[in-house]
Amino acid sequence: MPSLVGAPGGRIFARASRACKCRGVLIERVVRVVTLGMDDVMAVQFILGRSGTGKTSYCVRAIADALAGASEQPLIFLVPEQATYQAERAILSDDRIAGYHRLHILSFDRLQFLLLGRDAARQRLSRLGRQMLVHEILREVQDDLQVFGSSALLPGFARQMAETVTELHRYAHGPEDVADLVAEAGKDGGSRLAELKFADIGLVFRRYCELLEEKFTDPDARVNDACRVVAHADFIRGARIWVDGFAGFTGAELMLLTELLKAAEHTCIALCIDPARSNLRSGKPSGNDGLFEPTERTYLDLLDWAEKAKVTVGKPVVLGEAVRFAGCPALAHVEANIFRPGAARTRADEHIRVISAPSLRAEIQFVARQILDLVGRGGLRYRDIAVVASDLNQYEHYVRAYFDDSDIPYFIDKRKALNQHPVVELIATALQIVTGGFAHADVFAYLKTGLVPIAPERIDTLENYCLAFGVDGRDWTDEKPWQFQSGDDGTFDEEEIERVRAEAAGALFALRRALCGEGEAGPVLTAAAFTRAVFDLLETLGVRETLGRWVQEAHEAGDLTAAAEHRQFWDKLVDIFDELTEVFERDEMTAADYLGILHAAFSQMTLAFIPPSLDQVLVGSIERSRHPSLKAVFLVGATQRQFPVPLPSAGLLTDEDVQAP
């Protein structure tokens, strides 16, 4: 056994481990580690090791041991947002743990929420609410913007500016910091364009912070408030804390983590670092292009913050044995040498297979056949298998098609965009109809959402009639009955057509009167009046009841994901209109202006799901998914061009702007 470095007085213990090897992946249950005795508790201790050395297992086992004890000491497991569900499952998989009450498994966002709670006096902004507030500010200061004035109200600009504001808050910067940056950029030799861009951003940022003080609260802007109450929080004071799954921290997260270190009795922080190749005693990372260089910088930053906070740092626990790959030398060799020039070769022995496919379709066909073989003849469960894609968007429709055809249960781990949800389509097309003049495409997109209580065959007959006689917007608003068919032509029953027309247009005419008065452009109205008109339309059509029926039908069909989507959607929609009413309370705009704001909000509207059942193949992207213990992994799209996927160049500032100051 390789020697493991532990704290003086620490004890080494080993438990029987169970490993299951299939297709080159090892499932590791318990690993040999060095742990501290309770008499040797330090304020903070780091757990260092490469991938597969058991850092997460160390944390999970230590938490389970603490829960199994008689103490009532509070415990916290801090992990990334997408890892909370799997962390809960890992803790509860210990036979000793039937449940718990003193352990909190948290992300930074949830931690901050528990610290600050809900501010009943001020509206809490979501990501979409933040974007709406920035849109209002851009309307207010558009004439004062020197670079972004002409593009301030273009679709998508408010989102980019809101992302910039969020980034500033996450790194604990204020308006004064941006003002200093503008002054620095304006010095001799600086970029004039960069200076003006920073000045525009500073103007919007300052106004945003002023509105937060007046009326709203932004969780990303309240890190200082959260830091002040950490020491007084009962679930933190004197707690034992474990931090795992992070490669780096924002400035705001570092501030909050430092306060946790000072308030807790003992904190363990796990980081993916190769101790054998890192020269961290020098205070510098091992190299600018090393695989572990970002995490090494994080480690050094944490040491620096701990020193400034006068927090005792214990000797790190170093996990040097890649136990995850102990039964598979081929995977162990790849993990240790994949980015090492001149590394020796080793035999794959069927544990690692490289498959070349002529198309994306052929890739997924191969994966589906292999999964069926692994489950049918290899003795695996579906939950033991994962499909990881370099770009999930390219593969998603193939996965759905072939996995459904093969009766493979699966869960796609991605946030689902709701801009194509039928209710969103209904609202957007209805507003487009009443503000844009009853265009044929808009009218029938509205009617075919499945939410208008007219039978589909009657809608089809109406559409055929409109196409046959070229019915346009003026005909829809004309009060005269439609009689375009000649007297001797009996193709259409025009009395039935007129009845369908009245049923189709009745709710739209009511919406038009509420929003536009007698004209298409319409008067300006408050956000509250606009929201009331939209929900009157939904109430008239019985949309909420229809969603309830869809949820029930999805449950009966066994489609739990669709049921969760429709169930969550209504609350999400109500939240958007609540924030619209709050943010634009003092403004009056036309219905067309509100429609533009809603289009931007709907385009960013997403829902996240947890796996609806346990025995499913996990399908995810390489950058988002947190994978549990697996026995077979299919990495699709692993070509030089696609893996990793190049990051898109987005944002208000170019690389030159960032470097200018």
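The values are calculated or read from the model by the stated rules, or taken from the named source; none is laboratory data. Quantities reported herein were computed from a predicted structural model and do not represent experimental measurements. Positions of Cβ are generated from backbone atoms using ideal geometry, with glycine treated the same way; all protein chains shown enter the neighbour counts. Only protein heavy atoms, including side chains, enter the accessible area calculation; ligands, DNA and RNA are left aside. Shrake-Rupley method; radii C 1.70, N 1.55, O 1.52, S 1.80 Å.
For the chain, what is the accessible area per residue in Å² when the probe is 1.4 Å?
Numbers: 33340 Å² over 661 residues.
The answer is 50 Å² per residue.
When only Cα pairs under 8 Å and 6 or more residues apart are kept, what is the percent relative contact order across the chain?
Details: 935 pairs, mean separation 139.2, N = 661.
Here the relative contact order equals 21 percent.
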Check your understanding: How much of the accessible area of the range 524-612, in percent, comes from carbon and sulfur atoms when a 1.4 Å probe is used?
Key -> 49 percent
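I need the trypsin sites (Lys or Arg not before Pro) found in the range 552-587, filtered to DSSP loop residues with at most 14 other beta carbons within 10 Å of theirs. Spell out each step's value before the answer.
Numbers: sites: R567, K572, R586; in loops: R586.
For trypsin sites (Lys or Arg not before Pro) across the range 552-587 that sit outside H, G, I, E and B with at most 14 neighbouring Cβ atoms in 10 Å, the list reads R586.
Counting each pair of different Cα atoms once, what's the Kirkwood radius of the range 334-379 in Å, rounded to one decimal?
On the way: mean 1/r = 0.0757 Å⁻¹.
Evaluated over the range 334-379, this radius sits at 13.2 Å.
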Check your understanding: Taking a ≥ b ≥ c as the square roots of the eigenvalues of the Cα gyration tensor of the range 489-624, is the shape rounded (a/c under 1.5), prolate (a/b larger than b/c) or oblate?
Key -> oblate
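As a quick test, which of the pairs K187/K262; K414/K572; K572/K631; K55/K572; K262/K414 have an alpha carbon distance above 29 angstrom in this structure? It would help to have the intermediate numbers written out before the result.
Values: K187/K262 40 Å; K414/K572 17 Å; K572/K631 37 Å; K55/K572 37 Å; K262/K414 36 Å.
Over 29 Å apart, Cα to Cα: K187/K262; K572/K631; K55/K572; K262/K414.
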Point to revise | Accessible surface, 1.4 Å probe, highest first, among residues D218, D405, D536, D587 | key: D405, D536, D587, D218
Practice item. Please work out the ratio of the alpha-carbon Rg of the range 387-517 to 2.2 N^0.38 Å and round it to two decimals. Key: 1.43
Practice item. Could you tell me the distance between the Cα centroids of the range 436-458 and the range 537-573, to the nearest Å? Key: 20 Å
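Starting from the range 552-591, pick out the GluC sites (Glu not before Pro) whose DSSP state is loop and whose Cβ has at most 13 other Cβ atoms within 10 Å. Before the final figure, lay out each step's value.
Values: sites: E553, E556, E565, E579, E582, E585, E588; in loops: E585.
In loop regions of the range 552-591 (DSSP not H, G, I, E or B), the sparsely surrounded GluC sites (Glu not before Pro) are E585.
Using 0.36 nm per residue, how much length does the chain from D478 to A309 gain when fully extended, once their Cα-Cα distance is taken away? Display every interim value, and only then the final one.
On the way: separation 169, 0.36 × 169 = 60.84 nm, distance 7.46 nm.
My answer for the length gained is 53.4 nm.
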Practice item. Determine ³J(HN,Hα), in whole Hz, for all residues of the range 57-64 in sequence, where each value follows from phi through the Karplus function 6.51 cos²θ - 1.76 cosθ + 1.60 and θ = phi - 60°; x replaces Gly and Pro. Key: 4, 4, 5, 4, 5, 5, 5, 4
Practice item. Match the structure shown to one of the listed values (1) 29.8; (2) 26.6; (3) 29.0 of Kirkwood radius over Cα pairs in Å, computed from it, and give that label. Key: (3)
Review point. So, with a 1.4 angstrom probe, what is the percent of accessible area on the range 321-385 that is carbon and sulfur?
Key: 51 percent
Check your understanding: Taking every pair of alpha-carbon atoms in the range 397-469, what share in percent sits in each 10 Å bin, from 0 to the bin with the longest distance?
Key -> 17, 32, 25, 21, 5
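When the chain is fully extended, how far beyond the present Cα-Cα distance does Q82 get from S406, taking 0.36 nm per residue of separation? Let's see the in-between values first.
Details: separation 324, 0.36 × 324 = 116.64 nm, distance 2.84 nm.
Difference between extended and current length: 113.8 nm.
Please report the equivalent ellipsoid semi-axes of the range 372-427, computed as sqrt(5 x eigenvalue) of the Cα gyration tensor, largest first, in whole Å.
29, 12, 10
Return the calculated 222 nm mean residue ellipticity for the chain, to the nearest 500 deg cm²/dmol, obtained by summing -39500 (n - 2.57) across DSSP H runs with n ≥ 4 and dividing by the residue count. Show your work: numbers first, answer last.
Working: 23 runs with 308 residues, N = 661.
About -15000 deg cm²/dmol.
Which value results for Rg/Rh of the range 150-266 when Rg is the Cα radius of gyration and Rh the Kirkwood radius based on the inverse mean 1/r? Intermediate results must be reported in sequence, preceding the final value.
Values: Rg = 17.9 Å, Rh = 16.5 Å.
Reported Rg/Rh (Cα atoms, Kirkwood Rh): 1.08.
With a cut-off of 8 Å between alpha carbons and a minimum separation of six or more residues, what is the relative contact order of the range 492-588 in percent? Each step should come with its number before you reach the end.
Details: 53 pairs, mean separation 29.2, N = 97.
So the answer I get is 30 percent.
Tell me, what is the percent relative contact order of the range 391-479, built from C-alpha pairs under 8 Å that lie six or more residues apart? Write out the running numbers ahead of the final one.
Values: 46 pairs, mean separation 20.4, N = 89.
Dividing the mean separation by the residue count of the range 391-479 yields 23 percent.
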Point to revise | Per-residue SASA entry for Y382, accessible area with 1.4 Å probe, Å² rounded to 10 | key: 40 Å²
Review point. Which aspartates and glutamates, on any chain, are close to K308 with Cα under 17 Å apart, when same-chain ones fewer than 8 places away are left out?
Key: E253, E259
Review point. Which percent, to the nearest 5, of DSSP beta bridges fully inside the chain are antiparallel?
Key: 25 percent
